[in-house]
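Working notes, beginning with the structure itself.
The values are calculated or read from the model by the stated rules, or taken from the named source; none is laboratory data. Small disclaimer: the values here were computed from a predicted structure and weren't measured. For neighbour counting, all protein chains shown are included, and Cβ atoms are generated from backbone atoms with ideal geometry for every residue, glycine included. Accessible surface areas use protein heavy atoms only, side chains included; no ligands, DNA or RNA. Shrake-Rupley method; radii C 1.70, N 1.55, O 1.52, S 1.80 Å.
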Amino acid sequence: MLIRSKPNWVLPESAATDETYFLNRRELCKSIAAGSILAAVTPIVGASPAFAAKSDDPSAGLYPANRNDAYTLDRDITPEKITTTYNNFYEFGSHKNIWRAAQKLNTRPWEVTIDGMVEKEQKVDIDTLLKAMPLEERLYRHRCVEAWAIAVPWTGFPMKALIDFAKPSGGAKYVVMETFHDKKTAPGQRQFWYPWPYLEAITIEEAANELSMIGTGAYGKPMPKQNGAPLRLVVPWKYGFKQIKSVVRFHFTANRPKSFWEQIQPREYGFWANVNPEVDHPRWSQATERLLGTGKRVPTLLYNGYAEQVAGLYANMKGQRIFY
Ligand code: MTE
C-alpha cells in the first residue's frame, strides 16, 4: 500500500525487492547464521516451520477442516512460505518483511466484541466462537491493490454465520471491523500519522454473500499471526486492503464509516474496492498482476474472477465508483 502523503522514506512497491530474491537472500542469511553443515545434518522431521502458526495454538485440533470443493482455482496454490513471509500488516511495519515482528502478537486470550445494532451486545472468547462456527477450507485468489496476487487455502466460516450469531436489527446496513490497538505489541501503531486502529467495513449484503468468510486458518492450520490471527476478513473479489486482520470488534451500524486507507487517501482507496482490470489505480495499471512465487504476470479478472457470485450486489450502482 502506498500513500501520497507518506513520509518520504517509504519505498514505492515497484522499488521493493522481488519476493523471489527476498526469500533467497533470507534463506542465505539463515543458513549462514545456523551454519549450513549443521543444518544439513539436523533432523527436521515433525518441526513446524518458524513462519507457521505454533502447534500449541489451542484451536490446533480444529484443523485441517474439510475442503469445500465448490471453490476452485485457475492457478496453483501459492507456496505456504511465500504467503506467510510476504505480508502487508502495517501494525508491524510499512514493508513486506513483518512476519518475525508479528510473532509478538498475543492471540490468547482474545475477546471479540459484537455490538451496535444487534439483538444483544456481547463479548465472545475466540475459542468459544471457533467451536460454535462451521469451519471449512476454501481455495481463494487474493489480489492486492499493489498488483501482486496469491492463491490460498483459507480455513474459516461463512460471514453469514457470524451475522446469524449477531442477529443485527433491520436498520443495520454495515458491518464495521476493527483490528486490535496496542502500541506496545505493534510498533507500527506508534506511527501517529496513521489513523489507528485499522478499520474496514462492508455492507450486510456483502457480508451475507456466499463468498465472504471470516478466515481463522490457512494451509490446514490455525492462522499465522502475520496473516491476521486469530481471525480476519476474506472477501476475494475485493482488493486485499479490505481484508482486515486480527479483528477484535464487529460493529453493526446504519452509517457507512471511513475505512483506514480511505481516511488516508480517499482518491486512491475507496469504500468498495472491487477488483477491476479496466479501472487503474491513479498511479499504476490494474490490468495485470504479479503471481508471487511464479515469476509470471497474468491478466487481472473482473471482481478477481468472482463476478458470477458478486456482480449482482452492484447491479443497481451504475455510475458510482465501486472499483477503487
Ligand atoms: N489488516 C491490518 N490490520 N493491517 C494491514 O496493514 N493490510 C491489508 C490487509 N489487511 C492490512 C490488513 C492489505 S493491504 C493486504 S494486501 C492484506 O491484508 C494482506 O494479507 P496477507 O499479508 O495475509 O497476504
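Is it true that some residue in the stretch 216-227 is surrounded by fewer than 24 Cβ atoms within 10 Å (Cβ to Cβ), closer than 19 Å to Leu105 by Cα, in contact (Cβ under 8 Å) with a residue 60 or more places away in the chain and more than 13 Å from the ligand (Cβ to nearest atom)? For the stretch 216-227, residues surrounded by fewer than 24 Cβ atoms within 10 Å (Cβ to Cβ), closer than 19 Å to Leu105 by Cα, in contact (Cβ under 8 Å) with a residue 60 or more places away in the chain and more than 13 Å from the ligand (Cβ to nearest atom): present. For the stretch 190-215, filtered to residues that are part of a helix (DSSP H, G or I) and open to solvent by 10 Å² or more (accessible area, probe 1.4 Å), the residue that is farthest from Leu313 (Cα to Cα) is Arg190. Might you let me know whether the stretch 229-239 holds any residue that is away from the ligand (no atom under 12 Å from the Cβ) and in a strand (DSSP E or B)? No, the stretch 229-239 contains no residue that is away from the ligand (no atom under 12 Å from the Cβ) and in a strand (DSSP E or B). Only one of the numbered conditions (1) under 14 Å from Phe323 (Cβ atoms); (2) out of contact with any Asp or Glu (no Cβ under 7 Å at 6 or more places or on another chain); (3) within 12 Å of the ligand (Cβ to nearest atom) is not met by Asp280, and that is (3).
Looking across the stretch 71-88 at every residue that is among the β-branched types (Val, Ile, Thr) and within 14 Å of the ligand (Cβ to nearest atom), the one that is farthest from Glu210 (Cα to Cα) is identified as Thr85. Which residues, taken from the stretch 44-89, are in contact with a Pro (Cβ under 8 Å, 6 or more places away or on another chain), at pLDDT 95 or above and in a loop (DSSP other than H, G, I, E, B)? Of everything in the stretch 44-89, those that are in contact with a Pro (Cβ under 8 Å, 6 or more places away or on another chain), at pLDDT 95 or above and in a loop (DSSP other than H, G, I, E, B) turn out to be Ser59, Tyr63, Ile77, Thr84. Considering each residue of the stretch 177-194 in turn, none proves to be away from the ligand (no atom under 13 Å from the Cβ) and in contact with a strand residue (DSSP E or B) (Cβ under 7 Å, 6 or more places away or on another chain).
Against the conditions (1) more than 19 Å from the chain's Cα centre (by Cα); (2) open to solvent by 40 Å² or more (accessible area, probe 1.4 Å), Tyr314 satisfies every one except (2). Counting the residues of the stretch 61-102 that are crowded, with 20+ Cβ neighbours inside 10 Å, out of contact with any helix residue (DSSP H, G or I) (no Cβ under 8 Å at 6 or more places or on another chain) and closer than 15 Å to Cys144 by Cβ gives 1.
Looking for something among the charged types (D, E, K, R), free of Cβ contacts under 8 Å to residues at least 60 places away in the same chain and closer than 22 Å to Glu210 by Cβ - is there at least one such residue anywhere in the stretch 166-179? Even if it seems obvious, please write down each step before you answer.
Kept after step one, since they are among the charged types (D, E, K, R), are these residues of the stretch 166-179: 167, 173, 178.
Now restrict to residues that are free of Cβ contacts under 8 Å to residues at least 60 places away in the same chain: 167.
Pick out the ones that are also closer than 22 Å to Glu210 by Cβ and you get 167.
The answer is yes, given that some residue of the stretch 166-179 is among the charged types (D, E, K, R), free of Cβ contacts under 8 Å to residues at least 60 places away in the same chain and closer than 22 Å to Glu210 by Cβ.
A quick yes/no check of all residues on (1) in a loop (DSSP other than H, G, I, E, B); (2) open to solvent by 10 Å² or more (accessible area, probe 1.4 Å):
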position	(1), (2)
Val145	yes, no
Gly156	no, no
Gly170	yes, yes
Met177	no, no
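Among the residues of the stretch 240-250, those that are open to solvent by less than 50 Å² (accessible area, probe 1.4 Å) and not in a helix (DSSP H, G or I) comprise Gln243, Ile244, Lys245, Ser246, Val247, Val248, Phe250. Take the conditions (1) near the ligand (Cβ under 9 Å from one of its atoms); (2) under 28 Å from Val298 (Cβ atoms); (3) touching a Phe, Trp or Tyr at 6+ places or on another chain (Cβ under 8 Å); Glu91 misses just one of them, which is (2). Exactly one residue out of Gln286, Gln309, Gln263 is part of a helix (DSSP H, G or I), within 14 Å of the ligand (Cβ to nearest atom) and touching a residue at least 40 places away in the same chain (Cβ under 8 Å), and it is Gln263.
Filtering the stretch 255-281 to residues that are modelled with pLDDT of 95 or more and open to solvent by 80 Å² or more (accessible area, probe 1.4 Å) leaves Asn255, Arg256, Lys258, Gln263, Glu278, Asp280.
Might you let me know whether the stretch 151-159 holds any residue that is under 19 Å from Leu211 (Cα atoms) and small (Gly, Ala, Ser)? Outline the logic, then answer.
First, the residues of the stretch 151-159 that are under 19 Å from Leu211 (Cα atoms): 151-159.
Within this subset, residues satisfying the condition of being small (Gly, Ala, Ser) are 151, 156.
Within the stretch 151-159 (the criterion being under 19 Å from Leu211 (Cα atoms) and small (Gly, Ala, Ser)), the answer is yes, since at least one residue qualifies.
Scanning the stretch 126-138 turns up one or more residues that are within 15 Å of the chain's Cα centre (by Cα), buried (at least 21 other Cβ atoms within 10 Å of the Cβ) and assigned to a strand (DSSP E or B).
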